[in-house]
1. What residue, of Met99, Met66, Met37, is modelled with pLDDT of 90 or more, out of contact with any helix residue (DSSP H, G or I) (no Cβ under 6 Å at 6 or more places or on another chain) and aliphatic (A, V, I, L, M)?
2. Determine which member of the set Arg269, Arg330 is open to solvent by 20 Å² or more (accessible area, probe 1.4 Å) and not aromatic (Phe, Trp, Tyr).
3. Kindly indicate whether Glu86 is free of Cβ contacts under 8 Å to residues at least 60 places away in the same chain and either part of a helix (DSSP H, G or I) or open to solvent by less than 20 Å² (accessible area, probe 1.4 Å) (or both).
4. Only one of Phe200, Phe226, Phe218 is in contact (Cβ under 8 Å) with a residue 40 or more places away in the chain and part of a helix (DSSP H, G or I). Can you tell me which?
5. Going through Gln135, Gln79 one at a time, which residue ends up being without any contact (Cβ under 8 Å) to a residue 12 or more places away in the chain, within 26 Å of the chain's Cα centre (by Cα), open to solvent by 50 Å² or more (accessible area, probe 1.4 Å) and farther than 30 Å from Thr36 by Cα?
6. Look through Phe354, Phe369 and report the one residue that is surrounded by 17 or more Cβ atoms within 10 Å (Cβ to Cβ), out of contact with any Gly (no Cβ under 6 Å at 6 or more places or on another chain), in contact (Cβ under 8 Å) with a residue 40 or more places away in the chain and aromatic (Phe, Trp, Tyr).
7. Would you mind stating whether Asp105 is open to solvent by less than 20 Å² (accessible area, probe 1.4 Å), closer than 24 Å to Arg195 by Cβ, at pLDDT below 95 and out of contact with any Gly (no Cβ under 8 Å at 6 or more places or on another chain)?
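The values are calculated or read from the model by the stated rules, or taken from the named source; none is laboratory data. All values derive from a computational prediction rather than experimental measurement. Methodologically, a virtual Cβ is constructed for each residue, glycine included, from the backbone with ideal geometry; neighbour enumeration extends over all protein chains shown. Surface areas here come from the heavy atoms of the whole protein model, side chains and all, with no ligands, DNA or RNA. Shrake-Rupley method; radii C 1.70, N 1.55, O 1.52, S 1.80 Å.
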Amino acid sequence: MNTSGSAAVQDMDHVAMLMDRVESSEDAIAKAVSSTMLSPRFYTTDFKAMDALDVSPVRGEWDAMMKEYEGDNNHDHFQRDARFAEEVRTLMPQLSPEMRQEFLDFLISSLTSEFSGCILYNEIRKNVTNPDIKQLMTYMARDESRHAGFLNQSLKDFNLGIDLGSLKRTKSYTYFKPKYIFYATYLSEKIGYARYITIFRQLERHPDKRFHPIFRWFERWCNDEFRHGESFALIMRAQPKLLSGVNKLWIRFFILAVYATMYVRDHSRPMLHEAMGLKSTEYDYTVFRITSEICRQVFPVEVDIDHPVFRACLERLLSLSLAHAKAKARGGVWGKLQGAGYAVQAALTFARLFMVPVKSNVLPEQIRFQPVW
């Protein structure tokens, strides 16, 4: 079991503590519907404010991006072939029960995240008349729908397919102001790119460690995520006030929240990374580094991921998450009191994390980046 970078050796049962077991379609939908600190959420926002967005300050780069969306270079990508089916047939029986659970958690979490984007973008599309925003949201909803459907096909290989219509109706929604949507979704799309390309490059170097065929699709797939992030970068750069003043504090908050959530979630899947020849901590910091480099296109501040306090706080948040999960499993009055105590400690740890000095960044004149990692 991988524990590289951890201050303490994690318990072997920590995966079971952080992940409910999935044995049936009902378990899969229950996991997707659940709302926890680590699970992907569904969002809604202020559609009138979205309708009022003006992208004219970035018109040249915007129109070029719209042509890319229209070209739809991935229209034929998300198709399973005979080789895919054969790899599933031969590789899946080789997974241990524990590894199976970690992979299912990965698929369900990824599907929920992709479908969350699909729903949000589609709802914005239906509720705005602004032609620029309506066109963008149509394209992004199209992409995310493909991603979610492709992931769901892999769940169906385990007889665990999720009814996406039911998920849309039953999962709770969180209201975010448009600027919070921009910060959080931009980060989600860019960190999604960084995660997928890091896995793809690793398995490109070590094809013997590719335990499921879905990973062969990751390179072109994550370029969709990269372009989605570019879209939000252009929107934010066209509204400069979103990147100045008190909003710098909000940017810092969302960067830290996304990084911390990823760190805790990924360390609940140590066997998944180990099977690919990755170590969870090293993998996460590679993803953080790529994401931080990309975010220089739009964010005026950058988190210092090498600061010792940053690293110590992530380890502390991981330990507290494990302790909280054990207290919850213990139940009873004492378990609830312990859980509340761990939650308070986690909030204080995040506050300490927020106080880590950030680096200032001068935004480049040309906004768009290329997915060269």
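1. Values: Met99 fails: out of contact with any helix residue (DSSP H, G or I) (no Cβ under 6 Å at 6 or more places or on another chain); Met37 fails: modelled with pLDDT of 90 or more.
After ruling out the rest, the residue left standing is Met66.
2. On the way: Arg269 fails: open to solvent by 20 Å² or more (accessible area, probe 1.4 Å).
The match here is Arg330.
3. Working: free of Cβ contacts under 8 Å to residues at least 60 places away in the same chain: yes; either part of a helix (DSSP H, G or I) or open to solvent by less than 20 Å² (accessible area, probe 1.4 Å) (or both): yes.
Yes: the conditions hold for Glu86.
4. On the way: Phe200 fails: in contact (Cβ under 8 Å) with a residue 40 or more places away in the chain; Phe218 fails: in contact (Cβ under 8 Å) with a residue 40 or more places away in the chain.
From the options Phe200, Phe226, Phe218, the qualifying one is Phe226.
5. Numbers: Gln135 fails: without any contact (Cβ under 8 Å) to a residue 12 or more places away in the chain.
Selected residue: Gln79, the only one of Gln135, Gln79 that is without any contact (Cβ under 8 Å) to a residue 12 or more places away in the chain, within 26 Å of the chain's Cα centre (by Cα), open to solvent by 50 Å² or more (accessible area, probe 1.4 Å) and farther than 30 Å from Thr36 by Cα.
6. Details: Phe354 fails: surrounded by 17 or more Cβ atoms within 10 Å (Cβ to Cβ).
When all the criteria are applied, what remains is Phe369.
7. Values: open to solvent by less than 20 Å² (accessible area, probe 1.4 Å): yes; closer than 24 Å to Arg195 by Cβ: yes; at pLDDT below 95: yes; out of contact with any Gly (no Cβ under 8 Å at 6 or more places or on another chain): yes.
Yes: the conditions hold for Asp105.
Conditions (1) within 23 Å of Glu61 (Cβ to Cβ); (2) open to solvent by 10 Å² or more (accessible area, probe 1.4 Å), marked per residue:
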site: Phe253; (1), (2): no, yes
site: Leu256; (1), (2): no, no
site: His273; (1), (2): no, no
site: Gly277; (1), (2): no, yes
site: Glu282; (1), (2): no, yes
site: Val287; (1), (2): no, no
site: Val298; (1), (2): yes, no
site: Asp306; (1), (2): no, yes
